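Since every read-out is calculated from the coordinates, none of them should be taken as a lab result. Keep in mind that this is a model prediction, so the values were computed, not measured. So basically every Cβ, Gly included, is an ideal-geometry build from the backbone, and we count neighbours across all protein chains shown.
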């Protein structure tokens, strides 16, 4: 009985250490050196692509060789695995498609489900920050709403542009606090404040 609890505690600690290490590695990818031509771009960090691809491969392995290969396998488990595989594919597609370009005039964007467009800084009506979702919400006067993840590479440059060019009254105090920290090179993290 004692051996069971020791084994369980060991695996929990080992699992938590592995997850924390992966998160730290992924977050470091946001701050890795980027070519000069990408200075004014916001995009997903490369480790996020590797995590999504690894997740897809592992889940596909479980789905194809684990449960489905057996006659009378658990259909709900198979459906859940295929759902998670689809989510991994969405993350991979997001890495390949999502792009944001900063300029003095505004923000050019191409999202996974958004048509390509431009948002001028002067057209921003309100800037908010959602701590649970870790994204900046930009509301335009024409009704458009853009959500910019704080996990993107290039957030410090985005924060500087937004504070410099957007109407000052449009930025909420909570968003300003996060933008100022991001502009100093300390954007929100999954493990810490934000």
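Results, tabulated for the structure shown:
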{"quantity": "Residues of the range 124-178 satisfying the condition of being touching a helix residue (DSSP H, G or I) at 6+ places or on another chain (Cβ under 9 Å), part of a loop (DSSP other than H, G, I, E, B) and closer than 23 Å to residue 24 by Cβ", "calculated": "131, 150, 151, 152, 154"}
{"quantity": "Criterion violated by residue 104 - all others in (1) in contact with a strand residue (DSSP E or B) (Cβ under 6 Å, 6 or more places away or on another chain); (2) over 23 Å from residue 23 (Cβ atoms) satisfied", "calculated": "(1)"}
{"quantity": "Every residue from the range 135-168 that is loosely packed, with under 15 Cβ neighbours inside 10 Å, touching a strand residue (DSSP E or B) at 6+ places or on another chain (Cβ under 9 Å) and over 20 Å from residue 113 (Cα atoms)", "calculated": "141, 167"}
